[in-house]
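The values are calculated or read from the model by the stated rules, or taken from the named source; none is laboratory data. Keep in mind that what you see is a predicted model, and the values were worked out from it rather than measured. Backbone-built Cβ (ideal geometry, glycine too); neighbour counts: all protein chains shown. When the accessible area is computed, the model is the full protein with side chains, heavy atoms only, and any ligands, DNA or RNA have been set aside. Shrake-Rupley method; radii C 1.70, N 1.55, O 1.52, S 1.80 Å.
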Amino acid sequence: MKECIGMLLAGGEGKRLGELTHHLAKPAVPFGGKYRIIDFTLSNCTNSGISTLGVLTQYSPLELNKHIGNGKPWDMDKQSGVTVLSPYTAKTGGDWYSGTADAIYQNMHFINQFDPEYVLVISGDHIYQMDYQKMLEQHKKTNADATISVIEVPWDDASRFGILNVSDNLRIYEFEEKPKNPQSNLASMGIYIFKWSKLKAYLLEDAHNKASRHDFGKDIIPAMLDDTQRLFAYRFDGYWKDVGTIRSYWEANMDLLDENLSLKSNHKEWRIYTHDSNLPPQYVSQTATVSNSLINSGCLIHGNIENSILFRNVHVEQASTVRQSIIHPGVRIGENCKLNRVIVMENTVIPKGTAIEVDEFQEPFVINQEILGGMLTPAGGESK
């Protein structure tokens, strides 16, 4: 019997990330110079001692499944470790996951084999560093049926989130999904701990409710509140970012360059694990200048890099300038290019003389080879 196992929801399509998720599951999108978004949640599990984890995939899972593999980078290749759970069919039926709660319902057999007392439900598309054991300790101390992690958001942004209204002892008495006039600024982070016996009963009931959307926020949590079950909020005061839009994805990457923020990819006591490319060290030539940037292995820099993040094996030629940009693996940037506030997708080749500069008040611009081809004149070298 396991005291607590984790179920990681990683099947989201991430439509608001546009081209970044056209052929890629949102949790598999590259992040922070050497990671993928899901690495932060997987590392939180490892650092929190959650050693049994089911990862539920659905949308474009190929790269995500390859990345997770047997879980070795996160030390989850031993015993029960990590198991990728894709939608399936059986003699009794089966279908695509129709909601977050349905995804857990369809994999109850996986959870039951460990007979856990508690189940941690998390998402693979947020950037944060959190000790789930502290949340579990509060869950046990309050004898809660469910504990939901919350973070204070600016009041002006509260209407974009699921908002929890709580009493002085943090007991939840109301949940509002994206309220027009929020009573509280405590936003749900999409992180839940349930008593498994209690959650199982609600999942079984929800599965037979044809009017349900089979979603934790819209159905399971409101149903538990209607039944006056013991639901408590767990306050988190660290860094947390929902990278659901191009702007928030760009901002979260840029936050890694801010020494004053608590988010640190090189935190010695809370490491972020991922695959190592085993490429040679980066080379910065005499003609290059680099300031406040993350430059990964295999990069070859002859130009000027400012406030940017370069993934592995990126080449930047002479007299080119890259500012406030995110450059994914394998990109080639020719001579005399100017890139400002752009996100360049994997293996894109940018011809010499290309200039793509985005105003600071506009959303950062995503380019790949196809988009770039539509922007350039037939002669190449000039943007429209």
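The table below lists the values:
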| quantity | calculated |
| --- | --- |
| Subset of the stretch 288-311 (residues that are open to solvent by 50 Å² or more (accessible area, probe 1.4 Å) and of a type in the set (A, V, I, L, M, F, W, C)) | Val290, Leu294, Leu300 |
| Residue that is least open to solvent (accessible area, probe 1.4 Å), among those in the stretch 357-366 that are without any contact (Cβ under 8 Å) to a residue 40 or more places away in the chain and in contact with a strand residue (DSSP E or B) (Cβ under 6 Å, 6 or more places away or on another chain) | Val358 |
| Boolean, Asp131 is open to solvent by 20 Å² or more (accessible area, probe 1.4 Å), more than 17 Å from the chain's Cα centre (by Cα) and among the acidic types (Asp, Glu) | no |
| Selected residue (criterion: nearest to Glu357 (Cα to Cα)) from residues of the stretch 276-287 that are assigned to a loop (DSSP other than H, G, I, E, B) and open to solvent by 60 Å² or more (accessible area, probe 1.4 Å) | Thr287 |
| Test: residue in the stretch 258-274 that is of a type in the set (S, T, N, Q) and in a strand (DSSP E or B) | no |
| Selected residue [hydrophobic (A, V, I, L, M, F, W, C), under 21 Å from Arg247 (Cα atoms), touching an Asp or Glu at 6+ places or on another chain (Cβ under 6 Å) and modelled with pLDDT of 95 or more] from Val344, Val322, Val366 | Val366 |
| Counted residues, the stretch 54-77 - those being at pLDDT 90 or above, open to solvent by 60 Å² or more (accessible area, probe 1.4 Å) and of a type outside the set (D, E, K, R) | 1 |
| Residue within the stretch 219-237 that is over 30 Å from Leu20 (Cα atoms), among the hydroxyl-bearing types (Ser, Thr, Tyr) and assigned to a strand (DSSP E or B) present | yes |
| Lone unmet requirement of (1) out of contact with any Cys (no Cβ under 7 Å at 6 or more places or on another chain); (2) modelled with pLDDT of 90 or more; (3) of a type outside the set (A, V, I, L, M) for Ser80 | (2) |
| Matching residues, the stretch 170-180, being farther than 13 Å from Gln229 by Cβ and either in contact (Cβ under 8 Å) with a residue 40 or more places away in the chain or open to solvent by less than 50 Å² (accessible area, probe 1.4 Å) (or both) | Leu170, Glu174, Glu176, Glu177, Pro179 |
| Pair list, Cβ under 6 Å, 6 or more apart: the stretch 283-294 residue in contact (Cβ under 8 Å) with a residue 60 or more places away in the chain and under 27 Å from Asn260 (Cβ atoms), other residue open to solvent by less than 60 Å² (accessible area, probe 1.4 Å) and assigned to a loop (DSSP other than H, G, I, E, B) | Leu294/Gly33 |
| Pair list, Cβ under 7 Å, 6 or more apart: the stretch 312-336 residue over 16 Å from Asn368 (Cβ atoms) and open to solvent by 60 Å² or more (accessible area, probe 1.4 Å), other residue in a strand (DSSP E or B) and polar (S, T, N, Q) | Arg323/Asn340; Gln324/Asn340 |
| Considering residues of the stretch 220-255 that are open to solvent by 30 Å² or more (accessible area, probe 1.4 Å) and touching an Asp or Glu at 6+ places or on another chain (Cβ under 6 Å) only, the residue farthest from Asn143 (Cα to Cα) | Arg247 |
| Residues of the stretch 136-175 that turn out to be of a type in the set (A, V, I, L, M, F, W, C) and within 18 Å of Ser123 (Cβ to Cβ), as a count | 10 |
| Members of the stretch 7-35 that are part of a strand (DSSP E or B), touching a Ser or Thr at 6+ places or on another chain (Cβ under 7 Å) and not hydrophobic (A, V, I, L, M, F, W, C) | Tyr35 |
| Only one of Ala211, Ala201, Ala158, Ala144 that is among the aliphatic types (A, V, I, L, M), loosely packed, with under 14 Cβ neighbours inside 10 Å and either modelled with pLDDT under 95 or touching a strand residue (DSSP E or B) at 6+ places or on another chain (Cβ under 6 Å) (or both) | Ala211 |
| Test: residue in the stretch 114-128 that is without any contact (Cβ under 8 Å) to a residue 24 or more places away in the chain and open to solvent by 40 Å² or more (accessible area, probe 1.4 Å) | no |
